[in-house]
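Here the structure is laid out as structure tokens; the discussion comes afterwards.
Bear in mind these aren't lab numbers, they're just calculated from the coordinates by the rules spelled out. These figures come from a predicted structure and were not determined experimentally. Cβ placement follows ideal geometry from the backbone for every residue including glycine, while neighbour counts extend to all protein chains displayed.
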Amino acid sequence: MPQTIDFANEALLEYAKRTIGRHRKFFFMARDEQSFGLAKANFDCDVEAGPDTAFGIGPLKPFDADPLRVLYVMQPFGEDDVDIAEARAIADGPLTNWINGPDSLARMRKSSVVKAAMRRGFSRSEMMAQHREDVAARYVDYGVKMLSGAQRIITNRLHGHILCLLLNKPHVAVARNGSRLHDAISSWASDSPLVEKATNAGELLAAMSRLPYEMNGTWYKASRPMDLSPSLPARDLVAHPSIV
């Protein structure tokens with residue numbers, strides 16, 4: 001099962017070196033150039049670059065939602081240097097972070113027990129595996145519902161950026177220069193017109209002005225219809241029915 005690991009902690013990095021060295025058949029997938037370089041330099045194993053596994057969800061359809069001009073999806077602590085209050089003073093909008101969702105999202109439900117019994121068996125480990133799978137699906141749905149009504153999204157979260165791409169939502173990714181968020185975008189989404197990068201609150205308006213917008217089934221940029229060439233990924237710039 002794929003695991004995401006933060007190697008910023010030196011003790012954790014040293015532990016990973018020893019563990020991977022003993023394994024001998026370990027395969028490492030890196031989702032950005034920084035992680036790829038770190039793994040190649042430190043780990044005795046095969047290392048390849050690949051996009052975040054969240055892209056495996058595939059294109060998503062938005063839910064019906066109240067329209068919002070701008071939505072901030074921000075975590076308060078991360079590798080960005082953005083003053084959220086300053087950013088919201090420049091481009092006003094509600095602030096959310098879906099890991100702070102209702103407690104009910106993470107609760108064990110009878111439906112998980114029933115599915116585990118039918119698909120996997122009655123053991124506790126199988127029921128917990130089914131429970132974790134269902135909780136992950138609930139959090140994805142919760143994130144999609146949050147993002148669905150927004151015309152523009154400002155985020156400092158990698159998975160906020162990925163969900164925006166899968167939902168066909170124009171967005172600004174705010175993080176410091178050299179951040180893993182910007183590195184991941186440069187590695188896998190640099191050709192997408194749906195995302196612009198900013199490094200601080202002062203760059204938000206300029207980045208937002210470069211984003212495309214959809215009107216009556218046609219995408220525009222700088223008030224001109226966009227020529228959607230076949231080279232654009234299928235998930236980009238697909239007109240969705242208007243949300244009312």
How far apart, in nanometres, would the label points at Leu228 and Met29 be if each is projected 7 angstrom from Cα along the Cα-to-Cβ direction? 2.8
Can you work out the FRET efficiency for the pair Arg107 and Thr19, with r the C-beta to C-beta distance and R0 = 30 Å, to the nearest 0.05? 0.35
Taking one equal scatterer on every alpha-carbon of the stretch 85-181, how large is log10 of I(q)/I(0) by Debye at q = 0.10 1/Å? -0.39
In which sequence would Met215, Met127 go, from the one with the fewest C-beta neighbours within 10 Å to the one with the most? Met215, Met127
Would you kindly derive the ³J(HN,Hα) couplings of the stretch 135-141 from the backbone phi angles with the Karplus curve 6.51 cos²θ - 1.76 cosθ + 1.60 (θ = phi - 60°), listing them in order in whole Hz, with x for Gly and Pro? 5, 4, 5, 5, 5, 5, 4
Given DSSP loops and a limit of at most 10 other Cβ atoms within 10 Å, what is the longest stretch of the chain that contains no such trypsin sites (Lys or Arg not before Pro)? 26-244
Rel. contact order, % - alpha carbon contacts under 8 angstrom, at least six apart, the stretch 80-230: 23
Please work out the C-alpha center-to-center distance from the stretch 24-70 to the stretch 115-160 and express it in whole Å. 17
Can you tell me the relative contact order of the stretch 10-50? Whole percent, Cα pairs under 8 Å, sequence separation 6 or more. 43
Can you work out the Karplus-derived ³J(HN,Hα) for every residue in the stretch 190-203? Use 6.51 cos²θ - 1.76 cosθ + 1.60 with θ = phi - 60°, whole Hz, and x for glycine or proline. 5, 8, 8, x, 7, 10, 10, 9, 9, 9, 7, 4, x, 8
Rounded if a/c is under 1.5, else prolate if a/b is larger than b/c, else oblate: which is the stretch 10-50, with a ≥ b ≥ c the root eigenvalues of its Cα gyration tensor? oblate
Once every DSSP H run of n ≥ 4 in the chain is given -39500 (n - 2.57) and the sum is divided by its residues, what mean residue ellipticity at 222 nm do you get, rounded to the nearest 500 deg cm²/dmol? -11500 deg cm²/dmol
Given chymotrypsin sites (Phe, Trp or Tyr not before Pro), DSSP loops and at most 11 other Cβ atoms within 10 Å, the longest exposed-site-free stretch of the chain is 123-244
Global geometry of the chain, whether rounded, prolate or oblate, following the gyration tensor of its Cα atoms and the 1.5 cut on a/c: oblate
Percent of C-alpha pairs per 5 Å bin, the stretch 124-192, short to long: 3, 15, 23, 17, 15, 11, 8, 5, 2, 0
